[in-house]
Each structure stands twice: as C-alpha cells, then as structure tokens.
Amino acid sequence: MAVALGAATAPAAAPTAPRGCGHGRRRVAARRVRAAPARRLFLRAGASPAVAGPDAPDEAAVEPLVEAAAPETSKLSKLACPICYYPLTSSGDQSGDASSLECSTCKKVYPNKQDYWDLTVAVGSTEYSESMPAATELFRTPLVSFLYERGWRQNFIWGGFPGLEREFEMAKTYLNPTIGGTIVDASCGSGLFSRLFVKSGLYSLVVALDFSENMLKQCNEYVKQENISDERLALVRADISRLPFVSGSIDAVHAGAAIHCWPSPACAVAEISRVLRPGGVFVASTFVADVIPPAIPILGIGRPYISQVTGNNIFLSEVELEDLCKACGLVNFIFVRSGFYIMFSATKAS
C-alpha cells in the first residue's frame with residue numbers, strides 16, 4: 001500500500017529578525033501567529049504508525065498554506081531513500097499499519113522500529129559497522145539520553161543559552177514564514193523542541209530526527225507521558241549528513257544546540273540546503289568560539305588539531321557560521337548573541 005505525507009508549502013519571504021552584533025544579548029520578540037488547522041497525516045512513526053484511509057481530508061478542507069494530501073496510491077512526498085534520494089513506498093500488515101518503507105529504485109527496506117523509523121544508510125547490515133566520533137557515540141548511550149532533559153541541557157544556561165521557553169520563542173520568530181508546513185527538528189535529542197512544535201500546532205508535520213536510537217526512545221516516552229498526539233509527529237533515525245528527504249520538500253529545519261556535535265558541519269548544512277524548498281528557513285543555536293580572549297591565541301591555533309583527534313568540529317565562530325551557510329546556498333544570515341550562545345537563521349535562496 002502506498003501512502004503519502006503532505007506536500008511542501010509555497011515559498012515565503014525571509015524572516016525579518018534583527019541582525020545581532022557584539023556579545024550582548026539582542027532580544028527578538030516572537031510575533032503572534034495563527035496556527036494552521038490540524039489535518040490528518042497519512043504516515044506516523046512514534047507510538048503508533050498509521051496509513052491513509054477513506055477519511056483523508058478534501059482539498060477544500062485544508063487552508064491554502066498547506067496543500068492537499070496526495071491520494072492513497074501515491075508515494076511518500078517527502079521521506080526518501082538516504083542512498084538514492086528517491087521517494088519511499090509503504091507496505092502494511094493485515095492491521096493496516098505501515099510496517100516498513102521500501103525504495104522503489106534500490107529496493108532497500110527501512111523498518112519501523114515501533115519507537116521510530118530507521119532511515120540510516122547502514123540499517124539492515126549484519127556484518128558491516130563503522131565507528132562514529134566520540135561526541136556522537138556519547139549521545140547514543142542510554143545514560144546520557146536519560147539525563148539529557150534531567151539536567152544536562154539545562155546546564156547550557158552557563159554559556160548564555162536563554163532557557164528552553166525563551167529559545168523556543170526566539171526560534172518561532174525566525175520560523176514564522178514557514179508556519180503551516182513541515183519542519184524537521186534535526187538532532188532533536190529527547191525531543192525538547194519537537195514536542196513544543198507539535199503542541200504549538202504551528203506545523204502540519206514535525207519530524208523529530210536524530211542519529212541516537214536511545215534519544216528517540218526517550219522522545220517517544222515523553223510523547224506518551226505528556227499525552228501528545230503523534231498525528232503530526234514522525235520520529236526518524238537518520239544521519240544529519242544523509243537526510244532521508246526528497247530535495248526541496250521541507251519548509252524549515254531547526255537544530256538546537258547541535259552543530260558543534262556534527263562530524264562535518266559543511267556536509268550537514270549542505271544536506272539541509274538540499275532538502276529545503278526555495279524560501280525555506282534553517283534556524284540553529286550553538287556555542288561559538290569567538291569569545292575566546294585574544295590573549296589566549298593558543299586556543300584558536302589548537303582548535304583544528306583537537307577537531308582532527310576527536311572527529312568533531314569544536315565551536316565555530318559567528319563569521320564561520322555565516323560563511324558556511326553562504327557556501328551552501330543559504331542567504332539572509334541573521335543572528336542574536338549572548339556570551340558563548342548564538343541563534344542564527346538563514347534562508348534557502350529562491
């Protein structure tokens with residue numbers, strides 16, 4: 001049985017948040033927006049996956065901001081094979097639940113792990129394995145996944161992070177042009193922001209994406225504990241450098257406190273640019289390195305060598321982040337700063 005997710009929204013103007021400067025905090029007021037009405041999704045990955053049915057909404061029942069869902073027999077409009085980037089089709093069991101996804105080109109099958117969809121390249125391999133950077137493996141452990149919302153993430157406030165609620169409001173300001181579409185919460189961890197996006201009702205689909213199996217399991221547990229409907233939520237395991245989405249199909253990508261953990265920020269941002277539609281928005285927060293006192297130049301000199309050893313890019317500077325976005329086709333770089341903290345936004349060129 002073939003199923004489909006909602007299509008991308010029409011291009012919108014880039015956000016108009018102010019450009020930050022210096023190290024002082026520049027507050028961005030979140031604008032009040034009207035959420036698009038809820039609609040039924042035809043593929044869920046979370047507590048209970050679902051498929052299309054006869055109660056699919058009519059085109060007239062959905063606001064123009066969100067295009068009508070594709071017919072039951074069409075392919076998935078956004079999820080794609082991470083190997084060849086072709087759309088995936090769904091196979092169901094007797095109960096009608098989508099049990100796996102298959103690439104129509106390479107015929108690779110991607111399983112539903114109950115807690116999440118596993119759309120990593122190496123899923124299903126029995127002999128092959130590869131090591132990941134230390135930071136990536138750290139967040140795959142059950143202990144860190146358990147502690148992430150139980151003190152770990154809250155400690156980021158020492159570096160200038162404004163706190164979860166304020167950070168979410170700031171992100172919404174940048175994301176305002178994409179309201180009603182599909183947002184990917186990349187490196188979502190235990191789903192701190194993914195759950196807030198779902199609760200806000202601002203998006204027709206929220207994809208909570210992470211490479212850590214245990215983080216996604218934690219996310220699913222929180223979803224159940226908070227009695228959040230997975231009607232608009234899909235949990236996906238994927239590599240940030242090999243995103244399982246059709247090119248130009250995503251309206252927004254959010255990455256909270258994540259870039260400094262990515263093995264290759266350049267590959268990741270290039271992938272984000274690929275999957276964003278023209279006018280789509282990338283919003284991220286991270287730590288920055290350009291607040292290191294000039295009197296300690298050895299720290300800046302040693303950063304590349306530390307990255308070579310650890311396999312991770314230690315905090316980039318504000319200038320490097322802007323240059324990276326520009327190199328990957330993302331324009332209108334704007335940001336706010338506070339100490340080691342930066343939140344920035346960039347838009348896919350139209």
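The values are calculated or read from the model by the stated rules, or taken from the named source; none is laboratory data. Just so it is clear, the model here is predicted, and its values are computed rather than measured. Using ideal geometry, Cβ is built from the backbone for each residue, glycine included, and neighbour counts are taken over all protein chains shown. Protein only, heavy atoms only, side chains kept; ligands, DNA and RNA dropped before computing areas. Shrake-Rupley method; radii C 1.70, N 1.55, O 1.52, S 1.80 Å.
Looking only at region 141-164, filter to residues that are of a type outside the set (Phe, Trp, Tyr) and open to solvent by 60 Å² or more (accessible area, probe 1.4 Å); which one of those is nearest to Ile342 (Cα to Cα)?
Here the answer is Ile157.
Could you say whether any residue in region 289-310 is modelled with pLDDT of 90 or more and either under 21 Å from Phe211 (Cβ atoms) or in contact with a strand residue (DSSP E or B) (Cβ under 7 Å, 6 or more places away or on another chain) (or both)?
So far as region 289-310 goes, no, none of its residues is modelled with pLDDT of 90 or more and either under 21 Å from Phe211 (Cβ atoms) or in contact with a strand residue (DSSP E or B) (Cβ under 7 Å, 6 or more places away or on another chain) (or both).
Output the residue which, of all residues in region 218-233 that are open to solvent by 10 Å² or more (accessible area, probe 1.4 Å) and touching a Lys or Arg at 6+ places or on another chain (Cβ under 9 Å), is farthest from Val269 (Cα to Cα).
Ranking the candidates gives Glu226 first.
Would you check which residues across region 321-348 are open to solvent by less than 10 Å² (accessible area, probe 1.4 Å), more than 24 Å from Ile157 (Cα to Cα) and part of a helix (DSSP H, G or I) and list them?
Within region 321-348, Cys325 is the sole residue that qualifies.
Identify, by number, the condition in (1) among the polar types (S, T, N, Q); (2) farther than 26 Å from Ala327 by Cβ; (3) surrounded by fewer than 24 Cβ atoms within 10 Å (Cβ to Cβ) that Ser264 doesn't meet.
Unmet condition: (2).
Would you check if Val184 is at negative phi and either of a type outside the set (A, V, I, L, M, F, W, C) or modelled with pLDDT of 95 or more (or both)?
So Val184 fits the description; yes.
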